[in-house]
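The values are calculated or read from the model by the stated rules, or taken from the named source; none is laboratory data. Model, not experiment: these values are computed from the prediction. Cβ atoms come from the backbone with ideal geometry, glycine included; neighbour counts cover every protein chain shown.
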Amino acid sequence: MESGLMDIYNFPWVIYATDGSKGSTGMGAGFYRHDTKGGGCCRVEGGVGGGSSGRAEFAAACLALEDSLTHDQPIAVLTDSKGLMTVASNWVGEGKDPLLQHSPDGDILARIIKVLHQRVSLGLFTMFIKIRAHKGEFLNEKADRWADEGREDIDNVRWDGPSLQPTFSWTEEGVEHRCSMNKTLRTRVHLKVSELQLPLHKNCTSEFLNREDNSRDLLGKHWQDKIVPDRSKRRLLQSISHQFPCAKLLKLWGLRDSDECRLCKSLHPEVTPWPRPESLGHIQARCLALQKPRIAVHHGIWRELPAAISRNSVESHDDGTKKWYFPSAVSEATHDEWTVRQILVHLGMFPEIKSLRADVTEFHAQQGIVLTDVQITSFYSLRPDGIAFDDKNKHCVLLEFTRPMDSVSSSAEGD
Ligand SMILES: [Zn+2]
């Protein structure tokens, strides 16, 4: 409101008009005290990320409040800062609001609250009056002048120390950033720490994370996907970071005496000690007791893969027709496994079965494998996991589905 309309000059209180000043040279705060025609000011710096737009106003109110401790009169503090009104009504008498530590001007606000508490404990009355900021109003003009003076007062700088909360700064692509701790910053810090830590480690996890084209962007999407159950996200994270609570790790952590697989052990109680530890690789690929579910899962995953590969196969011939044809990709619910014989028929090679048979024999012989007729016939009956044909060029690609942990040789421990 207009201070004039309130007949403020006749109030039996000490009246302080406060103002902040912001310009290219910095911030200043000032107050005018009506009864003594005096005032005070200072230059204002600091604050998290340079402080808020109301920082100078807060500082001005704080200066006025500090001045009020030099006498024992009730006071009215005129301010055009809406933020200050909120501060005053929220925090006086309530103790420190937890929000204070999140405010970029927490250093000044804490001081304001402290002085207000002092006044309350002395039984002194304090009133904040919100006025409209505009030129031409006497008290406002006076405070404005003090604030401008404060801005230039480089010998009298206040609130330039560390604020209540730590400020973080970093440079990215030549731009300096500053802010207090928040969710985004926390993520950045974690990422940076990981980047710095990664070269220091040499194990399967770091090897995976250092690998080029390791699809980490896909992992990120997977973890952000709200449809994916938390349970499976956690499993994936545990697997990648080698923290899946299998017996091998539980023993390492001192939570279990033996790293034997209880399932394998119950199948073969006579084998002591059980030769391989229950590692994640064991559970996923080698556990004797889990063979059936393993095969079911294998098929389940494989049913989806050829369909997805087929959908995403974009190579085409010069005439624009699709290059690869996936006969095995019937749908995601079912797939046909072709035998080698069917593949050869499809490629039109069966009429020359005699020479083909010789080729197969020779191919194996080169690797020191001698095949009997029965074995050759059973070779024709083999079913690759999947196939793709480029009929035009008579190319056939066999698709085999394997998981990294199918191979025992991936590490000495079988992981
Ligand atoms: Zn087992």
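Within the stretch 278-301, not a single residue is of a type in the set (Asp, Glu) and modelled with pLDDT under 85.
Taking the stretch 224-240 as the range and being loosely packed, with under 13 Cβ neighbours inside 10 Å and either over 21 Å from GLY281 (Cα atoms) or hydroxyl-bearing (Ser, Thr, Tyr) (or both) as the test, the residues that pass are GLN224, ASP225, LYS226, ILE227, PRO229, ASP230, SER232.
Taking every residue in the stretch 361-381 that is closer than 18 Å to THR339 by Cα and pairing it with any residue that is among the β-branched types (Val, Ile, Thr) and part of a loop (DSSP other than H, G, I, E, B), at least 6 positions away or on another chain, the pairs with Cβ-Cβ distances below 8 Å are TYR380/THR339; SER381/THR339. Scanning the stretch 65-79 for residues that are out of contact with any strand residue (DSSP E or B) (no Cβ under 6 Å at 6 or more places or on another chain) and buried (at least 22 other Cβ atoms within 10 Å of the Cβ) turns up just one, LEU65.
When you scan the stretch 122-143, do you find a residue that is modelled with pLDDT of 85 or more, more than 22 Å from TYR9 (Cα to Cα) and not polar (S, T, N, Q), even just one? Among the residues of the stretch 122-143, at least one is modelled with pLDDT of 85 or more, more than 22 Å from TYR9 (Cα to Cα) and not polar (S, T, N, Q), which makes the answer yes.
Looking at LYS248, is it basic (Lys, Arg) and in a loop (DSSP other than H, G, I, E, B)? It is false that LYS248 is basic (Lys, Arg) and in a loop (DSSP other than H, G, I, E, B).
Residue count for the stretch 273-292, restricted to those that are within 12 Å of the ligand (Cβ to nearest atom) and part of a helix (DSSP H, G or I): 11.
Being part of a strand (DSSP E or B) and among the aromatic types (Phe, Trp, Tyr) is the filter; apply it to the stretch 19-74 and report the residue that is farthest from the chain's Cα centre (by Cα).
So the residue we want is TYR32.
Checking each residue of the stretch 201-217 against the condition of being touching a residue at least 24 places away in the same chain (Cβ under 8 Å) and within 11 Å of the ligand (Cβ to nearest atom) gives no match. On the stretch given as the stretch 238-272, residues that are of a type in the set (Lys, Arg) and within 11 Å of the ligand (Cβ to nearest atom) total 2.
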